[in-house]
Amino acid sequence: MKQATVDSFQAIQNDTYSVLGAEILPKLLVELDHSTLERYRDALQELKKWDYRYETGSIGATIFNMWWNVLYGRIWSDEFDKKKKQLRWPSRDRTERLLLDEKNSIWFDDITTPEKETRQMIINQAFTQALDSLHSKMGQLGKNWRWGFFRKCRISHLGGIDAFSLGPFEAGGAANTIDALTEDFGPSWRMIVELGPKVRGYGIFPGGESGNPGSYYYDNFFPAWKEGKLKELTYMVSKEEFPDSVLFTVTLN
């Protein structure tokens with residue numbers, strides 16, 4: 001990046017572009033048997049026009065995410081979902097490489113069935129299973145399929161107290177984007193520091209500076225954090241400085 005600014009770094013922090021989606025979705029779509037997908041036609045069109053961004057209003061993001069999760073499970077669950085064994089499941093990157101470069105791999109076969117499944121069979125089965133699941137959970141394709149509505153987020157209180165938590169709320173981002181926000185996990189602290197003759201810092205976290213739930217300052221940063229905004233941080237180089245952002249001081253004797 002050349003001529004980087006605070007704004008350009010802020011845009012990076014809020015980037016919802018999915019490299020996984022861009023790399024794998026076109027390869028998955030060509031494997032679909034369209035003769036069996038008439039009742040999924042509208043959903044398929046939404047998926048084809050997806051821009052690979054997990055934006056709040058994106059329906060394509062919801063469909064892809066569900067398809068990927070089902071497909072991941074269909075590939076690995078028969079070997080790794082063992083109650084008597086603690087096995088670490090393969091990574092997202094390993095799964096992508098399998099789908100792109102190892103089309104005849106034995107991992108595509110479901111060892112719990114008498115039939116020998118292939119890569120194309122698993123991809124098609126996962127697609128219909130994902131769409132059927134979405135229809136069952138969210139009804140007919142429409143506004144309920146928007147990514148933000150489907151994937152509600154929540155910021156839980158450290159003590160697990162619901163009344164002191166925030167959410168549910170709608171937001172963009174996903175585990176496979178730079179803005180790595182999931183249902184209950186995400187960027188708890190965003191920060192940018194601009195170096196120079198005068199150092200400036202910008203940051204935000206999804207709460208406030210008070211631990212008192214009755215205080216205005218308990219969650220006053222949350223709206224700005226949810227929108228991906230930053231606040232200029234107070235940076236003092238001497239004890240004589242007293243910027244307007246300082247509301248009060250405490251002196252310990």
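Only the coordinates and a few stated rules stand behind these numbers; no lab work does. Here the structure is a predicted model, which means the values were calculated and not measured. Note: ideal-geometry Cβ built from the backbone for every residue, glycine included; neighbour counts use all protein chains shown.
If you run the Gaussian network model on the chain, springs between alpha carbon atoms under 10 Å, then out of I178, I106, I123 the most flexible one is I106. What does the charge count around T249 come to, taking other residues whose C-beta lies under 15 Å from its C-beta (Lys +1, Arg +1, Asp -1, Glu -1)? Its environment carries a net charge of -3. Going from the fewest other Cβ atoms within 10 Å to the most, the residues H34, H135 appear in the order H34, H135. Dividing the summed helix terms, -39500 (n - 2.57) for each DSSP H run of n ≥ 4, by the number of residues in the chain produces a 222 nm estimate of -10500 deg cm²/dmol to the nearest 500. Computed from backbone phi, the HN-Hα couplings of region 151-168 come to 9, 6, 10, 8, 10, 7, 5, 4, x, x, 8, 4, 5, 9, 8, 10, x, x Hz, rounded to whole numbers (Karplus: 6.51 cos²θ - 1.76 cosθ + 1.60, θ = phi - 60°; Gly and Pro given as x). Rounded to the nearest Hz, the phi-derived 3J(HN,Hα) couplings of region 101-115 under the Karplus curve 6.51 cos²θ - 1.76 cosθ + 1.60 (θ = phi - 60°) are 10, 10, 5, 9, 5, 5, 5, 6, 6, 8, 6, 8, 10, x, 6, where x marks glycine and proline. Electrostatic bookkeeping for R151 treats Lys and Arg as +1 and Asp and Glu as -1; over the other residues with beta carbon under 15 Å from its beta carbon, the sum is +2. Using a 10 Å Cβ count of at most 16 others and DSSP loop calls, identify the longest part of the chain lacking such chymotrypsin sites (Phe, Trp or Tyr not before Pro). Result for the longest clean stretch: 1-184.
Summarising the label geometry, the points placed 7 Å from Cα in the beta-carbon direction at S77 and D7 lie 4.7 nm from one another.
Counting Lys and Arg as +1 and Asp and Glu as -1 over every other residue whose Cβ lies under 10 Å from the Cβ of L181, the net charge comes to -1. Volume of the convex hull of region 119-253 (Cα atoms only), normalised per residue: 197 Å³.
A Cβ-based charge dipole, computed about the Cα centre of the chain with Lys and Arg at +1 and Asp and Glu at -1, lands at about 220 debye.
Restricting the trypsin sites (Lys or Arg not before Pro) of region 1-53 to loop positions (DSSP other than H, G, I, E, B) with no more than 16 neighbouring Cβ atoms within 10 Å leaves K2, K49.
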